[in-house]
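Comments concern the structure below.
The values are calculated or read from the model by the stated rules, or taken from the named source; none is laboratory data. Predicted model, so just to flag it, every value in this text is computed and none were measured. Cβ: placed from backbone, ideal geometry, glycine included. Neighbour counts: every protein chain shown. All accessible areas refer to the heavy atoms of the entire protein, side chains included, with ligands and DNA or RNA removed. Shrake-Rupley method; radii C 1.70, N 1.55, O 1.52, S 1.80 Å.
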Amino acid sequence: MKALEVKGIVKQFPGVLANDNINLSINKGEIYAIVGENGAGKSTLMKIIYGLYTPTSGEIFVFDKKVDIKTPYDAIGLKIGMVHQEFMLIPRFTVTQNIVLGDEPSKGIVFDYKKALNEVEELSEKFGLKVDPAEKVANLPVGIQQRVEILKILRRGAEILIFDEPTAVLTPEETEDLFKTLMKLKKNGKTIIFISHKLKEVIAIADRIAVLRRGKLQGIVERGKTSEVELARMVVGRDVVLKIPKAEAKVGGTVVSIRDLTVKSKRGIIGLKEVSFDVCAGEIVGIAGVEGNGQAELVNALIGFTRPIKGTIAFDGEEIRVITPFNIRKKGMAYIPKDRKMRGLVLPFRSRENIIMGQHTLYPFSKNGVLNNIEIDKFTTKKLEEFDVRPRDIHTRARNLSGGNQQKLILAKEMSMEHKFLLASQPTRGLDIGAMEFVYHKLIEEKERGMAILLISLELSEIMGLSDRILVLYNGEIVGETTPDKTTEEELGLMMLGLKKQKRVAQ
Amino acid sequence: MKDVLKRIVFGKREKYWWMNALVPLISILLAFIVGAIFIKITGRSPVVAYKLLFGASGLFPGPYWKSHFAEMLLSSSMYIATGLGFAIAAKGGLFNIGAEGHFIVGGIAAAYLGYAKPFAGLPKFIHLPLIIVGVMLAGGIWGAIAGYLKAKRGIHEVITTIMLNWIALYLIEAWLVIGPMEAAVETGISGTPYISLSAKLPKILPPTRLNISIIIILAVTFLIWYLFYKTTFGYEIRTMGHTLMFGMEAPKAAGINVERRTIQTMFIAGAVAALGGAFMVLGVLFQYPPIFEGGYGFDGIAVALIGQNEPLGVILAGILIGALRTGATTVQLAHIPKTFPSIIEGFTVGFIALQMLIRYWIMKLIQGRKKSVQTEMGGGAK
């Protein structure tokens, strides 16, 4: 019996085809994994199934019946449940309160907490998912919180459970536990759709694996009939769609040198372990790696958001003891953040206000603390033209710009600041091909102007095409250093997944 | 002219710029309608009540208009001061409940500087500016304490400002006014001594009590507007206010010293709110009484919310609240308690809180009309 079948799903976003004619059929009681790079279209597909997006065309069948899912309520009604990456729990409520929220048992008009407790206990026993129903969610570790999420959707009678990158937030032990949970659910006849980009996990747990790349279905493999290497090749793909122009590196002196940098992650565990490398003028150093392997910690330490627990960062040969965003920028660092809405822009601000952020205190934008609007407008008009931000209107609010244009605005802002070092953290995240190309050209221009560039990216093709040197980050450590002409995407992919280590040349 | 006004008041190139003014107006209107329903339910006439209320509010010409008008501006200046205190902090992403405390700190500072010996003998043109500066320093420091605790220790400003309100109240009422600052027994005055003549705010519309407080606060409002929109300081605090939801990461990453700006913003907010207390002491009471019936600080929050945290909006909202309070006593003639205007004020704030809904309704109305004119439909409302 087919639990879920999608036929010819197409989802067209402005400028990007997120899903291109996808056909899947998922059997009842099966663990079905969908893998692919970031932006491959996995999440889009799941959001279509869960009713958060409507497909441009295509059909969905649930338990062999053609359905029309317009909202998540429709999906829940069809016994489809989703465990989101960000949990939708109220920390101050108990496990029971969270699980019954929205569909509470009641005595007359009074919430019947006792009955709810019993219900949750029964549920937890039935599926073998142990939780303490009276504990506050805030006191629970992430793995158990996820279990509460699962119980929540099970209580609504979910038969098809979608997990959106469930292991991204878990420790290895918690991941083990989750897999046990998934097996239990499978035994109970539930159908599980598991989205991930961690190939090892997928191979360990899934019955079948569908690979998506750039919105297209690359193939479906069965359990035990593939290897991690083969899967990696399918995920990455050999054809590089984008042509990245090559530019000879004219390497100058060292601009940034990092030694033994050790940084704690937001969750309090060591996220970056004794990392050392240099970035020289006129070269692009690419950091390859799967997300969550220390990139965020590296970035935060470099811009002064997190204080490293060990190690030094030197700029132009001079060690900076306490890094704050202000003093590192003054030294000459520009920063393209991966999350433009959060770190790059002030969304309600207009282009003219956003573009001067960080240099607003400098002449000619202000004098004696008073802004010079005429100069700002002149500058903005020039930069919008130069960086091809559309619309050209300097009064457009950042929130009304498309992702690509927001990114161009950030490039305009950062690259017009006086700098020697550019930290580009996933600069093409969520961009369409055209905007990506623009970013590449700008990065190469910067390199030709003799800037030192540190490029952090999840896209292998980007790393291969742009970098002069490549460092591979895995589990907070640099596991390899190479150059694009000495390696292949396959080899890099293996290193990124921790399957292959390479000795580094001592610095 | 229209364009200049538009630029100043509503910002540039906004497609629906008038919405920013229309939403508060609709909220006020709705509040009056709900108020009328209340009056009707209790068996009295809303028409009579509103006639009395507005007749004595000072907003419209009528009998004794001059004195009503003066009284209205007198209390408005205080509401504008506390309203600005809230609005300034709000622009920087801070929720300042402390205007009440700043107000009384400003009042007691004004009383002290007004009667205390070394200052009391000074000529007016020195004494008065001195008091104003002193008051703003006192209020500013009181505000900066909360700012410091927020910036350096991460304690939420709502908690600290509320606590500082109580600390200020008890310091003043349980100690200063009945202790070191108490007037000598033989004068027969309760509370602090009266301020010297040189400390009184000059009157501008005799024989009424209206003094220069309204001019001072209008000038201060202009300065605050200038600060918000023309200076790098204002630019920085606006980046903070707009990115509050994202932990102010964007301004931090741009190298803006968020901690220092937080303290400075709270200093300015406290300084401006304290001016309100000085107006009370220097222009109305001429001393700090043993028990001071405040509330100006909390009404300031309403003023800022109705005025959408914009300087011009705060002025208009301050005048509205001032007018309601001035007219309040006369509604008793219609057998309605004089606290009735507070109900109106409360409802207005309530409707302001629903402004997204009101905006949505207006957008729907506009789009509905457009749809009926054109046959094809453009994109849906956001």
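Brief remarks follow.
- Count of segment A:164-197 residues which are in contact with a strand residue (DSSP E or B) (Cβ under 9 Å, 6 or more places away or on another chain) and part of a helix (DSSP H, G or I): 5
- Selection status of B:T265, of a type in the set (S, T, Y), under 26 Å from B:P61 (Cα atoms) and away from chain A (no Cβ under 14 Å): no
- Enumeration of residues in segment A:281-309 that are over 20 Å from the mean Cα position of the chain (by Cα), more than 27 Å from A:K500 (Cα to Cα) and hydrophobic (A, V, I, L, M, F, W, C): A:A281, A:I309
- When A:D112 is tested against the conditions (1) more than 25 Å from A:K198 (Cβ to Cβ); (2) touching a residue at least 12 places away in the same chain (Cβ under 8 Å), the lone failure is (2).
- Matching residues, segment B:225-259, being open to solvent by 30 Å² or more (accessible area, probe 1.4 Å), more than 7 Å from chain A (Cβ to nearest Cβ) and of a type in the set (F, W, Y): B:W225, B:Y226, B:Y229
- Residue within segment A:482-490 that is surrounded by 23 or more Cβ atoms within 10 Å (Cβ to Cβ) and not acidic (D, E) present: no
- Single match in B:I195, B:I217 (criterion: in contact (Cβ under 8 Å) with a residue 60 or more places away in the chain, surrounded by 22 or more Cβ atoms within 10 Å (Cβ to Cβ), away from every other protein chain (no Cβ under 14 Å) and out of contact with any Gly (no Cβ under 7 Å at 6 or more places or on another chain)): B:I217
- Set B:I315, B:I306, B:I291, B:I301: member being of a type in the set (A, V, I, L, M) and surrounded by fewer than 21 Cβ atoms within 10 Å (Cβ to Cβ): B:I291
- When residues in segment A:394-406 are screened for being away from chain B (no Cβ under 14 Å) and closer than 20 Å to A:L422 by Cα, 2 of them pass.
- Filter result for A:I478 (open to solvent by less than 20 Å² (accessible area, probe 1.4 Å), of a type in the set (A, V, I, L, M) and either in contact (Cβ under 8 Å) with a residue 24 or more places away in the chain or in a helix (DSSP H, G or I) (or both)): no
- Matching option when the condition is free of Cβ contacts under 8 Å to residues at least 12 places away in the same chain and under 25 Å from B:F86 (Cα atoms), among B:T348, B:T339: B:T339
- Search result, residues across segment A:356-365 that are farther than 17 Å from A:R397 by Cα and either more than 7 Å from chain B (Cβ to nearest Cβ) or within 29 Å of the chain's Cα centre (by Cα) (or both): A:G358, A:Q359, A:L362, A:Y363, A:P364, A:F365
- Looking only at residues in segment A:317-355 that are facing chain B (nearest Cβ under 8 Å), outside any helix (DSSP H, G or I) and touching a Leu at 6+ places or on another chain (Cβ under 8 Å), the one that is farthest from B:E249 (Cα to Cα) is A:Y335.
- Identification of helices (runs of 4 or more DSSP H) wholly contained in segment B:82-192 with 3 or more residues that are open to solvent by 40 Å² or more (accessible area, probe 1.4 Å) yields B:117-120, B:124-153, B:157-171.
- In segment A:366-393, the residues that are within 11 Å of chain B (Cβ to nearest Cβ) and either surrounded by 19 or more Cβ atoms within 10 Å (Cβ to Cβ) or touching a residue at least 24 places away in the same chain (Cβ under 8 Å) (or both): A:S366, A:L371, A:I376, A:D377, A:D393
- Segment A:352-365, residues that are buried (at least 20 other Cβ atoms within 10 Å of the Cβ) and in contact with an Asp or Glu (Cβ under 7 Å, 6 or more places away or on another chain): A:R352
- Of the set (1) touching an Asp or Glu at 6+ places or on another chain (Cβ under 9 Å); (2) open to solvent by less than 50 Å² (accessible area, probe 1.4 Å); (3) among the hydrophobic types (A, V, I, L, M, F, W, C), all apply to A:F13 but (2).
- Scanning segment A:273-311 for residues that are open to solvent by 10 Å² or more (accessible area, probe 1.4 Å), without any contact (Cβ under 8 Å) to a residue 60 or more places away in the chain and assigned to a helix (DSSP H, G or I) returns A:A296, A:N300.
- Where a residue in segment A:489-507 is assigned to a loop (DSSP other than H, G, I, E, B) and its partner, wherever it lies, is open to solvent by 80 Å² or more (accessible area, probe 1.4 Å) and modelled with pLDDT of 75 or more, with Cβ under 7 Å and at least six apart: A:L497/A:K200; A:G498/A:N475
- From A:I244, A:I220, A:I192, A:I269, residue being over 21 Å from the mean Cα position of the chain (by Cα) and farther than 24 Å from A:S43 by Cβ: A:I244
- Residues that are surrounded by 14 or more Cβ atoms within 10 Å (Cβ to Cβ), of a type outside the set (A, V, I, L, M, F, W, C) and at pLDDT 90 or above do occur in segment A:86-95.
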